[in-house]
Amino acid sequence: PVDAGRVWLAGVSQGGAGLGPAAAAMPGAVRGVVYLSGTMEPGRVAAGVPAFVAQGGRDHNVTPGSVRRGVAA
């Protein structure tokens, strides 16, 4: 058996875009999500679970501004 209270999903770069849909597809099975310089698209951000977000200020692909907007969502 898996303890859902200990399961976190992580996404790096474009993998961040899949975190919201994955968490939504498994309600109650995911404790939180980790965005590592991850894409945070409006409407696809993981909602209802804790999130850890790490972003590099010099990332030219996933810009700090897009991450700020994702965190706000």
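Key figures for this structure:
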quantity	calculated
Column: log10 I(q)/I(0), Debye, Cα scatterers of the chain, q = 0.19, 0.28 Å⁻¹	-0.67, -1.29
Carbon/sulfur fraction of accessible area - the chain, other protein chains in place, 1.4 Å, %	58
Probe 1.4 Å, all protein chains present, accessible-area order of Asp3, Asp59, largest first	Asp3, Asp59
Most mobile of Ala29, Ala17, Ala51 in a GNM of the chain (Cα contacts under 10 Å)	Ala29
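The values are calculated or read from the model by the stated rules, or taken from the named source; none is laboratory data. As the structure is a prediction and not an experimental result, all values here were calculated from the model. Just so you know, the surface numbers come from the protein's heavy atoms only, side chains and all, with ligands and any DNA or RNA stripped out. Shrake-Rupley method; radii C 1.70, N 1.55, O 1.52, S 1.80 Å.
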